[in-house]
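S.K.: Pasting in a structure now, in structure tokens, and then I'll have a few things to ask.
The values are calculated or read from the model by the stated rules, or taken from the named source; none is laboratory data. Note that the structure is a prediction, hence the values are computed from the model and not measured. Positions of Cβ are generated from backbone atoms using ideal geometry, with glycine treated the same way; all protein chains shown enter the neighbour counts.
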Amino acid sequence: MIWSTARPMTVYYLVDKVFDHHKTKLLDIWTRDKLDLSKVEYFDKSRNIVKNLNKIWQSEETWNQMNTILIDDSLLKARLQPFNAIHPISFRKKFQHENDDELLKT
């Protein structure tokens with residue numbers, strides 16, 4: 001499952017690029033519209049949004065606190081379930097041509 005705080009158009013573009021034909025194996029793709037934001041919050045890029053994993057656990061019985069990992073560079077986005085989170089270093093555009101193996105280290 002992919003759950004991003006980005007807007008739908010961006011998320012679907014990235015999923016296509018990253019997962020290619022494997023995207024059919026994803027349980028679901030959630031975007032910013034699944035975060036229960038107000039209209040102002042939805043369009044405000046500066047806000048630190050919280051991803052509440054309870055929303056996933058309530059919608060899909062397969063997933064729970066024992067088998068879910070939230071991978072996000074933001075500590076704040078995972079503050080409701082900190083024990084289910086892994087925080088890789090943030091992507092920096094200036095390093096985009098270097099070997100990016102941060103997720104391999106987790």
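S.K.: Please go through the range 38-52 and pick out each residue that is closer than 15 Å to residue 81 by Cβ and either in contact with a Ser or Thr (Cβ under 6 Å, 6 or more places away or on another chain) or loosely packed, with under 13 Cβ neighbours inside 10 Å (or both).
M.R.: 49
S.K.: Got a number for residues in the range 14-49 being among the β-branched types (Val, Ile, Thr) and more than 24 Å from residue 63 (Cα to Cα)?
M.R.: So the count comes out to 1.
S.K.: For the range 83-103, which positions are closer than 23 Å to residue 28 by Cα, at pLDDT below 90 and exposed (fewer than 11 other Cβ atoms within 10 Å of the Cβ)?
M.R.: Across the range 83-103, the qualifying residue is only 103.
S.K.: Still on this model: Tally the residues that are in contact (Cβ under 8 Å) with a residue 24 or more places away in the chain and assigned to a loop (DSSP other than H, G, I, E, B), restricting the search to the range 25-61.
M.R.: 11
S.K.: A further question follows. Quick check on this structure: which one of 35, 75, 27, 80 is buried (at least 16 other Cβ atoms within 10 Å of the Cβ) and not basic (Lys, Arg)?
M.R.: Just one listed residue meets the conditions, 35.
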